[in-house]
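Here is the structure we will look at.
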There are 2 protein chains.
Amino acid sequence: MSPSKLYLGVIGVGGVGTAFLSQLASLPPSLRPTLVFVSRSSKQLYTPSYDAVSASDLQSSTSRLLSLPELTTYLSSTPGKAILVDNTSSQEVADAYPSFLRRGISVVTPNKKAFSSSLQLWTDIVNAVDASNGQAMVYHESSVGAGLPVISTLKDLVATGDQVTRIEGVFSGTMSFLFNSFAPADGSGKGKWSEIVAQAKEAGYTEPDPRDDLNGMDVARKLTILARLAGLKVQGPDSFPVQSLIPKPLGSADSSDEFMQRLPEFDGEMEGYKDAAAQEGKVIRYVGSVDVGAGKVKVGLETVEKGTPIASLRGSDNLICFYTKRYGANPLVIQGAGAGGEVTAMGVTADLIKVIERLR
Amino acid sequence: MSPSKLYLGVIGVGGVGTAFLSQLASLPPSLRPTLVFVSRSSKQLYTPSYDAVSASDLQSSTSRLLSLPELTTYLSSTPGKAILVDNTSSQEVADAYPSFLRRGISVVTPNKKAFSSSLQLWTDIVNAVDASNGQAMVYHESSVGAGLPVISTLKDLVATGDQVTRIEGVFSGTMSFLFNSFAPADGSGKGKWSEIVAQAKEAGYTEPDPRDDLNGMDVARKLTILARLAGLKVQGPDSFPVQSLIPKPLGSADSSDEFMQRLPEFDGEMEGYKDAAAQEGKVIRYVGSVDVGAGKVKVGLETVEKGTPIASLRGSDNLICFYTKRYGANPLVIQGAGAGGEVTAMGVTADLIKVIERLR
C-alpha cells in the first residue's frame, strides 16, 4: 500500500502536540500520512471528503465537533488506513482506544492513561490489537520516559524470551530534580526541602500545582505500564504502595498557594530522612521498582548507595534499569531527559514512523 | 501476507548463531518464519522445494554447497518473502548484501563488516534498500553494543529531525573491563597492565589473540557505523585516528604467546598514562567519539573526570552517550553488556521480529 493511502488524525495541540506537528511537517513525503483531522479542546478541523488539512487553520475552523464515536466512524471510513495520534492526557480519549483499534485505526500516543488505568481497559486494548491480526497497532513509547527507548527495549527483551527480573529507576524528571538538588551525592546540597520545591515550581519544573508531582501518581502510572509489559497483572496505579510526599495535613490544603505556604512546616521531616541516609553514607531518592518474580511494585523514598547510577543522576534526568536473566548482575540502563515537549514528541514521531513502515 | 509465507535463511551457527536459533525456536508461531536454509563454514542444509529444515540436522547434511550468488537465487525464488540472518563476521557475506537486497531479500545481522568497510559498500546497501520501496530492509542493531538499543535510538533521533551533535562512549566490552580493572575511579586498581590483560585473556574476555582487541579496530568499526548513521561520509575504519594499544615493537610479534610474554616490558608506559591522569584527579579510559559538526571521529585513550558515567563504568559494560540538540546539556545514555552470545542474539531476534512485522 502506498504511503499516500495513510490518513492521520491528531488530537491535542498543546506543548507535545505542537512539537509533534512540527516534527511531522519535516518528515520526508514518503513517510508523511495525509492529515485529515486535528483537534484541540473546543475546536476540530476536518472535511467529509478527507482532504488534507493544515493545523494552522484549526483556530479559525468552524467544523461541527465530532464526538469520539463519530470520530471513530470518520477515521475508519477513510479510503485507506487510518492512524490516530493522541497527544492529550485525557482518560476519555484513552477509553476509546479499544473502539478505534477494533475499527482498524492504529493509535500512537504519549498518553499514560490508557495503559495505567483499569486492567480491563489494558486487556481490551491488547485484545483489540491481537484480533486485528497486525492491521491495528498501538505504540506508546513516550508514555514512560518520553523519547527514551524504554517501552521498546522492554518489549524487545520480553519478545525475544529474556526474563526480566527487576525494573528500577527514577521515573519523574521533577522528582529527579528535587532530590538531585536536595541531597546530591557529593554532599553539596544546601537549602531546605520547601525552598527547593519552590525553586522548581518557579522554574517550571513542576506541574502548576506541585502536589500533582509530589503525590507520586505520575510515577505510579509509569510503573503500572512497565509492570504490565513485564507480565504482571497490576490492577491499577493505586493497587500497590505509593508514598506521597504531600504531608498528610496538607493533603486538604485548598490551593497550591496555601500548600506552598505551609510546606516549610514539614521541612524537618525531609531533613530527617536525608540525615538518616547520610549517616549510612547514602542519599535519598524517589524510586520506583517492579520485582517481577515476587509480583511486587512500589514507589517511594529509598536510600541509595553513593556511586550507583541512581545516586549519581544529574539535573532532571530519568534513569531506568532493567535487570534480566541475560544481562546478569549489571543491568541494561537507559538515562536522559524524561520530560519536555520536544523529546516527548520525538517518541511519538518515531512511533508513528514505525506504524507507517508497517502499514504501507 | 500471512506469516507462513515468510522464509528464513541463516548463515553461521557459532556462539551468536546458536543463541539466535534457540531464541527463534521460542517465538510464537505467528512470528516464526519457515527456516529453509542454514549453514556453517563447510555445511549447508536446504531443500530445493523450500521445506522447513531443522538446524540440528545441519551436521549430517549432505547438501551440495551453494555459492553466495546461488544462495541469492535460492532465497529470492521462495514462494513468499525471504529474510537472511547473517550471524558471521564474514566480509564476503557482507559484500553480498546489496545483491540480496536488490533481489528483495531482507537482511538481519550483527556483522559489522557491511556497515564499516568501504563507503561504496555502505552506499550500495542504502541504495538497494531505498530502491526496494520498503520491500527489502536491513536491520543491524547488534553491530554496535550487541542487544543494547544503540542503532535504533540513533536512527530514531535522526529520523525525527533531532540534530545529533556528538556521540561518545566506551564501545568495547574488553576495553571496558581492562580499564575498569586497571584504573577504577575509586583508585583501588592494583596490578600491572600486562597482568590485567593476561587475566582478561584467561577469563575469555578477550579475543583468542588479545591484539585483535587492543588494536582498536573493533571500536573503530563501531564508530564508523555510528558516524555514518549520523550523516558523516566516513571512508572506513582506517580513515580517522585510532590509537592502538599494541606497543609498536610488538606489532610484529609472531604469535599471541610471544606478544603476551613481552607485554610486561611496556607496563611502564601504561602506568605513566594512568599516573598522569591520577595527578589531575582523573582516570584513563578507551573512548570512541564522533563530533558530528566538525566531522571528526577518533578512538583512543582519554583522561576522564571521576564521577562521570564513563569513569564510573563497571565490569565489561558498554556506555554510549548521544548529545543532541533536543536533549541539550545532558546526553541520552545507554549502558549495559555490549558483548556475549545471548545479548547479541537478542538484538538479532528483536530485529527479525521487526522485519517480520513489516513484511507480513
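Below is a table of values for the structure above.
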quantity: Residue check for B:Leu8: at pLDDT 95 or above, touching a Leu at 6+ places or on another chain (Cβ under 6 Å), surrounded by 17 or more Cβ atoms within 10 Å (Cβ to Cβ) and closer than 18 Å to B:Arg103 by Cβ; calculated: yes
quantity: Residue in segment B:269-279 that is of a type in the set (Ser, Thr, Tyr), in the same structural domain as B:Gly189 (by the TED database) and at pLDDT below 95 present; calculated: no
quantity: Check on B:Met175, within 20 Å of the chain's Cα centre (by Cα), crowded, with 18+ Cβ neighbours inside 10 Å and assigned by the TED database to the domain that holds B:Val287; calculated: yes
quantity: Checking B:Leu68 against (1) more than 23 Å from the chain's Cα centre (by Cα); (2) away from chain A (no Cβ under 14 Å), the condition it does not meet; calculated: (1)
quantity: Any hit, segment B:306-316, residues being in a strand (DSSP E or B) and either in the same structural domain as B:Ile225 (by the TED database) or touching a strand residue (DSSP E or B) at 6+ places or on another chain (Cβ under 8 Å) (or both); calculated: no
quantity: Segment A:314-344, residues that are hydrophobic (A, V, I, L, M, F, W, C), more than 16 Å from A:Thr153 (Cα to Cα) and surrounded by fewer than 24 Cβ atoms within 10 Å (Cβ to Cβ); calculated: A:Ala329, A:Ala339
quantity: Matching residues in segment A:142-154 - criterion: being closer than 15 Å to B:Ala350 by Cβ and within 9 Å of chain B (Cβ to nearest Cβ); calculated: A:Pro149, A:Ser152, A:Thr153
quantity: Test: residue in segment B:279-289 that is surrounded by 19 or more Cβ atoms within 10 Å (Cβ to Cβ), more than 30 Å from B:Ala159 (Cβ to Cβ) and among the aliphatic types (A, V, I, L, M); calculated: yes
quantity: Single condition A:Asp156 does not satisfy, out of (1) touching a strand residue (DSSP E or B) at 6+ places or on another chain (Cβ under 8 Å); (2) assigned by the TED database to the domain that holds A:Val242; (3) under 30 Å from B:Glu141 (Cα atoms); calculated: (1)
quantity: Test: A:Leu229 is over 26 Å from the mean Cα position of the chain (by Cα), more than 20 Å from A:Val283 (Cα to Cα) and hydrophobic (A, V, I, L, M, F, W, C); calculated: no
quantity: Qualifying residue in segment A:110-133 (condition: over 20 Å from A:Arg360 (Cβ atoms), within 14 Å of chain B (Cβ to nearest Cβ), of a type in the set (Gly, Ala, Ser) and in contact (Cβ under 8 Å) with a residue 24 or more places away in the chain); calculated: yes
quantity: B:Leu157 vs. criteria out of contact with any Phe, Trp or Tyr (no Cβ under 9 Å at 6 or more places or on another chain) and crowded, with 21+ Cβ neighbours inside 10 Å; calculated: no
quantity: Failed item in (1) surrounded by fewer than 22 Cβ atoms within 10 Å (Cβ to Cβ); (2) touching a residue at least 40 places away in the same chain (Cβ under 8 Å); (3) in a loop (DSSP other than H, G, I, E, B); (4) not polar (S, T, N, Q), with B:Phe259 passing the rest; calculated: (3)
quantity: Failed condition for A:Lys233, given (1) within 27 Å of A:Tyr139 (Cβ to Cβ); (2) outside any loop (DSSP other than H, G, I, E, B); calculated: (2)
quantity: Residue, nearest to A:Val355 (Cα to Cα), within segment B:327-344, restricted to residues that are more than 8 Å from chain A (Cβ to nearest Cβ) and assigned to a helix (DSSP H, G or I); calculated: B:Thr344
quantity: Lone unmet requirement of (1) part of a helix (DSSP H, G or I); (2) closer than 18 Å to B:Leu301 by Cβ for B:Phe240; calculated: (1)
quantity: Hits in segment B:319-354 (condition: of a type in the set (S, T, N, Q), in contact with a strand residue (DSSP E or B) (Cβ under 6 Å, 6 or more places away or on another chain) and modelled with pLDDT of 95 or more); calculated: B:Thr324, B:Gln335
quantity: Tally of residues being touching a residue at least 40 places away in the same chain (Cβ under 8 Å) and more than 9 Å from chain A (Cβ to nearest Cβ) across segment B:282-320; calculated: 24
quantity: Scope segment B:180-204; condition assigned to a loop (DSSP other than H, G, I, E, B) and among the small types (Gly, Ala, Ser); matching residues; calculated: B:Ala183, B:Ala185, B:Gly187, B:Ser188, B:Gly189, B:Gly191, B:Ala203, B:Gly204
quantity: B:Ser49 without any contact (Cβ under 8 Å) to a residue 12 or more places away in the chain, among the polar types (S, T, N, Q), farther than 23 Å from B:Glu141 by Cβ and loosely packed, with under 14 Cβ neighbours inside 10 Å; calculated: yes
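Residue by residue, here is whether (1) out of contact with any Pro (no Cβ under 7 Å at 6 or more places or on another chain); (2) on the phi > 0 side of the Ramachandran plot; (3) not in a helix (DSSP H, G or I); (4) not charged (D, E, K, R) holds:
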{"residue": "A:Gln120", "(1), (2), (3), (4)": "yes, no, no, yes"}
{"residue": "A:Thr123", "(1), (2), (3), (4)": "yes, no, no, yes"}
{"residue": "A:Ala128", "(1), (2), (3), (4)": "no, no, no, yes"}
{"residue": "A:Asn133", "(1), (2), (3), (4)": "yes, yes, yes, yes"}
{"residue": "A:Gly147", "(1), (2), (3), (4)": "yes, no, yes, yes"}
{"residue": "A:Leu157", "(1), (2), (3), (4)": "yes, no, no, yes"}
{"residue": "A:Arg166", "(1), (2), (3), (4)": "yes, no, yes, no"}
{"residue": "A:Met175", "(1), (2), (3), (4)": "yes, no, no, yes"}
{"residue": "A:Leu178", "(1), (2), (3), (4)": "yes, no, no, yes"}
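Every residue, every condition in (1) of a type outside the set (D, E, K, R); (2) assigned to a helix (DSSP H, G or I); (3) in contact (Cβ under 8 Å) with a residue 60 or more places away in the chain; (4) surrounded by 13 or more Cβ atoms within 10 Å (Cβ to Cβ), yes or no:
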position	(1), (2), (3), (4)
B:Val53	yes, no, no, yes
B:Arg64	no, no, no, no
B:Pro79	yes, no, yes, no
B:Val85	yes, no, yes, yes
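For every residue, the table says whether it meets (1) surrounded by fewer than 23 Cβ atoms within 10 Å (Cβ to Cβ); (2) modelled with pLDDT under 95; (3) farther than 22 Å from B:Val355 by Cα; (4) in contact with a strand residue (DSSP E or B) (Cβ under 8 Å, 6 or more places away or on another chain).
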{"residue": "B:Val170", "(1), (2), (3), (4)": "no, no, yes, yes"}
{"residue": "B:Leu223", "(1), (2), (3), (4)": "no, no, yes, yes"}
{"residue": "B:Leu232", "(1), (2), (3), (4)": "yes, no, yes, yes"}
{"residue": "B:Lys248", "(1), (2), (3), (4)": "yes, yes, yes, no"}
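The values are calculated or read from the model by the stated rules, or taken from the named source; none is laboratory data. Bear in mind that the values here come from a model prediction, so they are computed numbers and not experimental data. With ideal geometry, Cβ positions are generated from the backbone for all residues, glycine too; neighbour counts draw on all protein chains shown.
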